[in-house]
Structure formats: structure tokens, C-alpha cells
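Here the structure comes first, spelled out in C-alpha cells, and everything after it is commentary.
The values are calculated or read from the model by the stated rules, or taken from the named source; none is laboratory data. Fair warning: this is a prediction, and the values are worked out from it, not measured in the lab. All Cβ positions, even for glycine, are placed from backbone atoms using ideal geometry, and neighbour counts span all protein chains on display.
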């Protein structure tokens, strides 16, 4: 081979990496994980939602305790107490005071604050267990189907289809009936069994796309094993999709738990869950509405928080979505001179990451 | 030239088509060639002529349907994945798209170290030292090992890909369109780097490209592919100066020329029609529907690639060869 003539830069001289201007101010040697974390932290709504979620959880655990952890609240959720002031809530905001029964008492005198806190614990437990179980199951099924394709894929996807047609409520109802009420953990595990399919399909499609990328071929040429390709090359690149869909799954899990407990097939008294509390006290809605409102407020808060966090994560992982603003600059006054100027639209679009088209057409150079 | 290091013998790669257009596509249809140690063999052809698939067959990224591939004396076409592992370290690949060939979640140092970790070539410190060495060899500072691919430009990424391919001290590099995704100035950098590395490590290249100018520049010998077959194979200088196959002549005539270039004026040969689908190849010579010199025999009889004086051509009516003057040889 001869060497090209001309004053082209020598390969050895242009060693440094170009300082690519990242719209989020990327620093050198920063992993994509850290960039995503930084992007997430910039999303104020999502961060506040995450903090609120953790605060609610910590508050509920510290109040009535959990297992061996003692709580600071002086009633337990099982204890029967004499009715005070017909069970009305004693919480006052100004001056702030909890009083004896801040959330009131239910029909038989149980402290409603303790019950609600217990309900939050159970609901969060169910959310997390469903989230983790269903995600693991979905990722395993989706990864195997997408990576190996062929008949493995066909079999796994048909199984997935079958699970998709099974309504979760019916399964929960039947099993809940026969097992005479599952604990929070059992219920969550069962619900996980009927909610992994969306993630499995998403992960499968990610794997189908990623396994054709050249870095996977490069790993194959280097002699990497299937396990190495899956865990080191493909899975880390599918993490965004997995985390986002897991978060959104968790958000729907609390509603599922609530629905099943409301129907009386989930968590049973004397234990408590937010859905169960609503179901037990629905007849009191007109007379003692707080029995309905307290659990409802916390269901809404938890579900909203998780949804906001999920949205924040999705945006952090995929900056191409929703990052442009369409802003209209000052409209010309109708009596201003020169009104024939058209209304100006300022469109600013955040930097899109453009990946070059694959194939032979990719940047052909004329010589 | 020295001994043959890589030899493909009647390699066929078929893809099955399912659904409405059931059938098979012969992407590579009986390709035989030899690569000699230390040379650069260019493979050119239009998009879809099977040159990339053939490259993937050579590195066993895809399984060949039939035929054999001998690498350093052993037939690798039927080896299992486990048996292939030792071969992998000697036969590496450089990929086309530098934006897709580096795992975006891995640091550059890990990307270059990956083949060595798979083959367990040494302990952590030894691998680290080798990574620093390789990065410096392709023109980076060793401190770049901590960076991520998204911090680099296309040409820089391609150099990282080359460092990765060199990690295991291969003897043969199959480069599948290594510069077609790059700007012209960057192309030259990468090509020069490849040339330097060849001199330094005595590498053998199989250089696949659709850009005739690039191939002419880097190759010792050039194979021209059409519809999955080799139609002409010759020394680069001779092939470019005096093509024997009508398809090669048409391809060469399509190279844009600069005014005042010292090369002889070429007449532009415009081919009619499109490349036929490889699923439905023409009978006889695959090029006959578009060939200006096609006769009856071309429609019925498939021409075989026959060698004569170091040049091979598969044509019933080859173009007359122009004998190169000594001045042209020296160019």
C-alpha cells in the first residue's frame, strides 16, 4: 500500500477526543448512566415526586413501625379504642396538632391513622413486589425470545399471548377466594404472574433490534459467549426501556392491588390496605366521608408520584421525546405600522441525536 | 508474494425467503479465491452483490451453506463456536458503521480490552498495558481509555474499532467497508493508519468496499463481484488499467475524473437495466442481460472463472488486454 499524498493530518497527531458540545453540558469520561441521572435530576416534577414517594413510605413505616421496627404512634392498627367525638378526625393544621385520632376512627373504634399507614405499607409492598417480579420475569422471557428467535421465540410469545388474555382481576378473584385471602406478598406475587407480558414484549423487540447492531457482531467475532453478549452488550443497552416500563407497571400495580382488595379478594382484615379501607367504608361515604378520603388521597398521591417518576425516567433515557418547545414570539399589534409582516413563529428544537443511516448509503464519499 | 493464508473454495451462502416470495437467495454463489499473507485483497461490487455477506462468511459471522474456507491450513467453515475460538484471535474484522460498532455503554478501554478478556490473554495489568499500547498505536492518548464512544467522532471511533480488532494480534483483518461512512479527509487518515499497521505487523487485509477509488489505492489485488460471483480478479494496477470483464469496464468508467488528470480518458459505459434480483438470477452468464457484448452462448452457458497469467475473468468474450508499459507499472 502506498501512502496518500497531500497535507492531510497524520493519524497520530489528532489524538484527543473532540469536545462534543452536549446540550446538557456533558463532562469528559462521563458514562451514559451519569448523564441520564443528571437529566433526571433536572426534571423538577419527577424529583419532587420521588422525594414525596419516599417521604410517604418513611412516614408510614416510622409511624406504626414495621415488623421489629417500633413506631412512634401510640395506637396499633389492630387495637380497638373507645369512640371519641364519633370518630371524627382530630387533625388540625393551624395550630398544627395530630390530636388523639388525626384521621378519625372507623366504626369499631380502630385508629384510622394507624390503619391508613398500614395500608400504605402494604400497598407499597405490593407495588414493589409486582414491579420486581414482573420485571425479572418479563426481561428473562423477552431476552430469550428476542435473542434466540426462531421456535424459541414463537413458543415464548404464544405463551405470552395466552397470559395477556387472562384478566388479572379474575385470577386474583379465584385464587383469593380459594386461598381465603392471600397476604400482601402472596397477592403481589400472584399479580406479578399476570402482569409481566408488556415488559416481555418490549424487551423482546429491543433485543431483536440490538442483536443486529455491529457491536454485537464485533463481540461475536471476538468469540464472546451468548451469556456475555446478552449481559454485557445487549442488556445494558435495553436498560432504559426496562426501567421505564417497570416504573409504569408499578404505577398500574397499585391500582390493581386496590381494585382486588376493594373487591374483597386481596388483603383481608384485620390487615389493611388502601383499597380494602375504601371498600370497607364505602357505605360511610355520606356520613363520615373522611373514612373514604384518607385512603383515596394516598392512593392518588402514590400513583401520581410513580407516574411522574416514570415520565421523568423516560425523558431522561430518551431525550428525543418531548424536548422541543413551540414558542410564539410577540404578535404584532393590529394598529402597529407594517402589520403585513407575518406572525413569526420561533421554533426551537433541542438537539436531536442523529444516528447515521445504516447501509451502503451511509455517507458515501466521492473520490 | 508468499503463501496462501486464507482460501475460499466454492463458498455458497443461501438465505431462505419465507412468506409470499418463498424461495432462496444465493447471496454468495460459488466464490473461490485465495488471500496471500501480507497482501491486501480488495473486493468491490455494487450494493447487494454479496461482498459483505462473503466477508461475514470468511469470519464465520454467518454459516456458509456449502464450500470450504481454509484459514492457516485448517478448514474453518464447519467448526463449532467453541472450536472457532482459537481461530477468532487470528482472524478479526473491522466494521462499516463506527456509530453502531462500539457499544455505547462501555468505556473505550473496555471495548478494546473485550477480546483479550474473552480469550484470557493475561491478568488485569497486562491487559491494561496492552490497551494503552493499542490506543497509542492508533493515535490516541492512553488516557482516552476512560472515555465513552459518544465522546468521539466517526473517524476516531473507527480507529477505536481498529484497535479492538488488533487486540489479539490477528494475522488477517477483514475490513467490511471500513471508510464508507467517513468524510473524505477522515477516510484518508484511516486508510493511512491501516497501511501503517500493515507494514508494522505484517497484516493481511481483505478490504471490502464499493468505492473503486479507495480500493485502487489500498489493494494489491482486486476481486470484482456481481450477483454473488467473482467476475474478475487481477492485480489492482492491471485491472484498473485494462479491465477484461465488461462489467469491470463499466464500473471503472463510472469513476468520476478530475479535469487534467493524467489518466487516459475513459469512455463512459452506461449499463442498461437494473441489477437482477439474486433470487431470480439470469441463466448463463449473470451479467448477460446488461452486457453490451452478450451473444447466444452468454445466455445459455455459465462462464467459469479461468486464470491466465495471474488474471482471472469469467467471461465468454473478454476485452482485449492492454499490455502495461513499464512506466505505467511503476506508477
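Per-residue answers, yes or no, for (1) part of a strand (DSSP E or B); (2) surrounded by fewer than 18 Cβ atoms within 10 Å (Cβ to Cβ); (3) in contact (Cβ under 8 Å) with a residue 24 or more places away in the chain; (4) out of contact with any helix residue (DSSP H, G or I) (no Cβ under 9 Å at 6 or more places or on another chain):
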{"residue": "B:5", "(1), (2), (3), (4)": "yes, no, yes, yes"}
{"residue": "B:11", "(1), (2), (3), (4)": "yes, no, yes, no"}
{"residue": "B:14", "(1), (2), (3), (4)": "yes, yes, yes, yes"}
{"residue": "B:24", "(1), (2), (3), (4)": "yes, yes, yes, yes"}
{"residue": "B:27", "(1), (2), (3), (4)": "yes, no, yes, no"}
{"residue": "B:34", "(1), (2), (3), (4)": "yes, yes, yes, yes"}
{"residue": "B:38", "(1), (2), (3), (4)": "no, yes, yes, no"}
{"residue": "B:41", "(1), (2), (3), (4)": "yes, no, yes, yes"}
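Do you know which of the residues in region B:195-210 that are touching a residue at least 40 places away in the same chain (Cβ under 8 Å) and at the interface with chain A (Cβ under 9 Å from one of its Cβ atoms) is surrounded by the most Cβ atoms within 10 Å (Cβ to Cβ)?
Top of the filtered list is B:205.
Are any residues in region B:178-191 at the interface with another protein chain (Cβ under 7 Å from one of its Cβ atoms) and in contact (Cβ under 8 Å) with a residue 24 or more places away in the chain, and if so, which ones?
B:180, B:181, B:182, B:183, B:187, B:189, B:191
Can you find, within region B:49-84, the residue that is farthest from the other protein chains (Cβ to nearest Cβ) among those that are within 18 Å of residue B:173 (Cβ to Cβ) and free of Cβ contacts under 8 Å to residues at least 40 places away in the same chain?
Within region B:49-84, the match that is farthest from the other protein chains (Cβ to nearest Cβ) is B:76.
Can you tell me which condition residue B:87 does not meet? The list is (1) touching a strand residue (DSSP E or B) at 6+ places or on another chain (Cβ under 9 Å); (2) under 23 Å from residue A:212 (Cβ atoms); (3) not in a loop (DSSP other than H, G, I, E, B), and all the others hold.
(2)
Check whether at least one residue in region B:115-127 is out of contact with any helix residue (DSSP H, G or I) (no Cβ under 8 Å at 6 or more places or on another chain), farther than 23 Å from residue A:210 by Cα, within 10 Å of chain A (Cβ to nearest Cβ) and surrounded by fewer than 24 Cβ atoms within 10 Å (Cβ to Cβ), and report yes or no.
No, region B:115-127 contains no residue that is out of contact with any helix residue (DSSP H, G or I) (no Cβ under 8 Å at 6 or more places or on another chain), farther than 23 Å from residue A:210 by Cα, within 10 Å of chain A (Cβ to nearest Cβ) and surrounded by fewer than 24 Cβ atoms within 10 Å (Cβ to Cβ).
So in region A:98-136, with the set limited to residues that are in a loop (DSSP other than H, G, I, E, B) and touching a helix residue (DSSP H, G or I) at 6+ places or on another chain (Cβ under 6 Å), which one is farthest from residue A:74 (Cα to Cα)?
The selected residue is A:106.
Return the total of residues in region A:194-204 being surrounded by fewer than 22 Cβ atoms within 10 Å (Cβ to Cβ) and closer than 22 Å to residue A:228 by Cβ.
0
In the list B:165, B:175, which residue meets the criterion of being within 11 Å of another protein chain (Cβ to nearest Cβ), touching a strand residue (DSSP E or B) at 6+ places or on another chain (Cβ under 7 Å) and under 26 Å from residue A:225 (Cβ atoms)?
One residue alone meets the criteria, B:165.
Can you confirm whether residue A:140 is surrounded by fewer than 23 Cβ atoms within 10 Å (Cβ to Cβ) and within 23 Å of the chain's Cα centre (by Cα)?
In short, yes.
Could you tell me which numbered condition residue B:241 fails, if it satisfies all but one of (1) closer than 18 Å to residue B:44 by Cβ; (2) at the interface with chain A (Cβ under 10 Å from one of its Cβ atoms); (3) modelled with pLDDT under 90; (4) crowded, with 20+ Cβ neighbours inside 10 Å?
Just one mismatch for residue B:241, condition (2).
From A:242, A:234, grab the single residue that is surrounded by 22 or more Cβ atoms within 10 Å (Cβ to Cβ), at pLDDT 85 or above and in contact with a helix residue (DSSP H, G or I) (Cβ under 8 Å, 6 or more places away or on another chain).
Answer to the selection: A:234.
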